[in-house]
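Report on the following structure.
What follows draws every value from the coordinates through simple rules; no lab data is involved. This structure is a prediction, so every number in the text was calculated from the model and none was measured. Cβ: placed from backbone, ideal geometry, glycine included. Neighbour counts: every protein chain shown.
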Amino acid sequence: MINRIFLFLILGTIAVFASNAATSEAAKELNLSAIVMFLIFVGATLGITYWAAKRTKSAKDFYTAGGGITGFQNGMAIAGDYMSAASFLGISGLVYASGYDGLIYSIGFLVGWPVILFMIAEPLRNLGKYTFADVASYRLRQTPVRILAAFGSIITVVLYLIAQMVGSGKLIQLLFGLNYEIAVFIVGILMILYVTFGGMLATTWVQIIKAFLLLSGATFMSIAVMAHYDFNFGKLFAHAVELKDVSIMAPGNLVSDPVSAISLAVALIFGVAGLPHILMRFFTVSDAKEARKSVFYATGFIGYFYILTFIIGFGAIVMVLGKPEYLDLAKQAISGGQPILGGNNMAAIHLSHAVGGDFFLGFISAVAFATILAVVSGLTLAGASAISHDLYSSVIKKGQVDSITEMKVSKMATVALGIIAILLGIAFESQNIAFVVGLAFAIAASANFPILFLSMYWRGLTTRGAVIGGSMGLATAVVLLILGPAVWVDVLGNAKAIFPYKYPALFSMTVAFLATYFFSVTDKSDSAKEEKEKFEAQFIRAQTGIGAEGASSH
């Protein structure tokens, strides 16, 4: 029965794409080769999901692909998870708009990986089962710590989802000529299909394939751009300066003051170690050694990719800027500037057409869409697992629930998260997607990372300290985010922000660490003493893997 339902949904989804493309008012302007490749990729990924659905029988299969993914495969999948719409479309769009300053996102997104490699990956795999809340609550009281970790995860996931939905909506709008709202709705439906039926196995393989295709496409684009300038960066930058201004080679266009620069850097470096969909991937491998390999491979792929985004951003300046075929004539008439079709987030898509014509535009569009679908699937799975495993199974049912029921709750949570993602994706249409992801990183750095890090490395952490400190970090980040320019001015339409900085992580992460420390050292309860005494056993398991889930030697 479930196979028939799934087949019906596959055919229905592809039919929606085809019929919308055929009936669009902009059909005469559509790129046929791009649409064909796009539909082939959607069909192929849904086929992978159908294959994975038949192999997903238990909660372990659903959440962690049964723990059977190798270190190399997982590294590729992590890279796929991390090389999101924010990375490919958002950072190249920031470089296109702001020049040199776009590098702060490229470098910041990458620098957090050594933190994970040396301090997080192996202990996390040795201590956890499905989510990072398993680790945070290992020696602390389950209920309050899991509630905090789950809410931190859900808020991070929702913010991250916004960025992916905006990117995908703009991409489909540009490619099919659909209304933005319809485009976001279609992406949401596909996302729900992938996660509900295929779980982690489908998500992993979509991410692996997409990572390979994205690296290949970005490499070709970069080589094409550099070949145009005899592989001389000086010539490329000189032409970009001619077309724009020498200021694009100087800092200050994107982040104008030291506090914002430091706050953004804190969010990007430490936020990656608190992203639930990244942390969840370390439970898909067999042991801590494979988890370490995963990070090693992922760091290499990701570092190489971020070098390419900088070339792609400057390539868009010299090959897209001012070209009539890429301009949004309606907005040009209003603003008097040179806005490109789909906004700056689409700079990389237009560059693909400039260097490779319609066929390569189709390839890059399909890959960019695959990028978004893979990431939203991983995000939704992480959010759904926080609801089903941490809140429903561990808190509400106190662990007394069978895996089939837990999977059903997870699938219902997936549908709910999909609806929320669609609504927020429409509300945040005008935001740069790399910027929105920066905000998600700020939440992760403020609420998730401090508790995870201290639970593994500080004997003095208590439940009271973790819950109060983590809650204060989360609340501070959310409140400063709402009162800052990104929401208070850009979304809510007020004239001036109450909190002057776009990036709250420097303040909220400091609050989280200080509050956690203070409320832990002042906790003299009997339970606090017991929690501190349990640290030794936890630390030994974290470092050696003795007693770890799925450990081959025990």
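Modelled label-to-label distance, residue 475 and residue 423, 7 Å Cα→beta-carbon offset: nm?
2.4
Treating the angle as unsigned and between 0 and 90°, give the value, to the nearest 10°, between the Cα long axis of helix 347-385 and the longest Cα principal axis of the chain.
20
Less than 18 Å apart at the alpha-carbon level, and either on another chain or at least 8 residues along: which aspartates and glutamates does that give for residue 289?
List returned: 122, 549.
Structure shown: which of 57/293; 129/210; 210/323; 57/408; 54/397 lie over 19 Å apart, alpha-carbon to alpha-carbon?
Violating the 19 Å Cα-Cα cut-off are 57/293; 129/210; 210/323; 54/397.
Can you compute the charge dipole magnitude of region 398-554 about its Cα centre, using +1 on each Lys and Arg Cβ and -1 on each Asp and Glu Cβ, nothing else charged? Give it in debye, rounded to the nearest 20.
The dipole of region 398-554 has a size of about 180 debye.
Using 1/(1 + (r/R0)^6) with R0 = 45 angstrom and r between the beta carbons of residue 223 and residue 495, what's the FRET efficiency to the nearest 0.05?
0.45
Can you work out the PRE-style zone for residue 119? Point 7 Å along Cα to Cβ, and I want the residues of region 266-295 with backbone N under 14 Å.
266-275
What order do you get for 280, 407 when you list them from fewest to most C-beta neighbours inside 10 Å?
By the 10 Å Cβ count, ascending, the order reads 407, 280.
Please compute the modelled spin-label separation between residue 36 and residue 415, points set 7 Å along Cα→Cβ, answer in nm with one decimal.
With each label point 7 Å from Cα toward Cβ, the separation is 3.8 nm.
Does region 187-282 come out rounded, prolate or oblate by the C-alpha gyration tensor, with a ≥ b ≥ c the root eigenvalues, rounded set by a/c under 1.5 and, if not, prolate when a/b is larger than b/c and oblate if not?
oblate
Can you compute the FRET efficiency between residue 72 and residue 524 using 1/(1 + (r/R0)^6), with r the Cβ-Cβ distance and R0 = 56 Å? Round to the nearest 0.05.
For residue 72 and residue 524, the calculated efficiency is 0.70.
Let me have the relative contact order for region 2-544, percent, based on Cα pairs under 8 Å that are six or more residues apart.
Reported relative contact order: 28 percent.
Alpha carbons only, please: Rg and Dmax for region 2-544, in angstrom.
Final numbers for Rg and Dmax: 22.7, 73 Å.
In region 2-544, with Lys and Arg counted as +1 and Asp and Glu as -1 at Cβ, which of these residues, 361, 46, 260, has the Cα nearest the positive end of the dipole, that is, farthest along it?
Of 361, 46, 260, it is 46.
How far is helix 180-193 tilted, in degrees, relative to the longest principal axis of the Cα atoms in the chain, given as a value from 0 to 90 rounded to the nearest 10?
40
For helix 535-544, report the angle its Cα long axis makes with the longest principal axis of the Cα atoms of the chain; keep it between 0 and 90° and round to the nearest 10°.
Approximately 50 degrees, to the nearest ten.
With each label point set 7 Å from Cα along the Cα-Cβ vector, what nm distance links residue 534 and residue 55?
Going from the residue 534 label point to the residue 55 one covers 3.6 nm.
With only Lys, Arg, Asp and Glu charged, each at its Cβ (+1 for the first two, -1 for the last two), find how big the charge dipole of region 330-483 is about the Cα centre; round to the nearest 20 debye.
440
Toward the positive end of the charge dipole of region 2-544, about the Cα centre and with charges on Cβ (Lys, Arg +1; Asp, Glu -1), which of 102, 144, 84 goes farthest?
Positive-most Cα among the choices belongs to 144.
Rounded to the nearest 20 debye, what is the charge dipole size of the chain about its Cα centre when +1 sits on each Lys and Arg Cβ and -1 on each Asp and Glu Cβ?
With Lys and Arg at +1 and Asp and Glu at -1, about 1260 debye.
To make sure I understand, if each residue's beta carbon is the centre and we count other beta carbons within 10 Å, what order do 239, 277 fall in, fewest to most?
By the 10 Å Cβ count, ascending, the order reads 239, 277.
So who's got an amide H within less than 5 Å of the one on residue 484, skipping anything under 5 residues away but keeping other chains? H placed 1.01 Å off N, in plane.
Residues meeting the criterion, in which the H sits 1.01 Å from N, are 499.
Tell me which of 278, 391, 342 sits at the most positive position along the dipole axis of region 2-544, charges placed on C-beta atoms (Lys, Arg +1; Asp, Glu -1).
391
For region 355-455, run through the trypsin sites (Lys or Arg not before Pro) and keep only the ones in DSSP coil with at most 16 other Cβ atoms within 10 Å of their Cβ.
In loop regions of region 355-455 (DSSP not H, G, I, E or B), the sparsely surrounded trypsin sites (Lys or Arg not before Pro) are 397, 398.
Roughly how far apart, in whole Å, are the Cα centres of region 214-240 and region 270-324?
20
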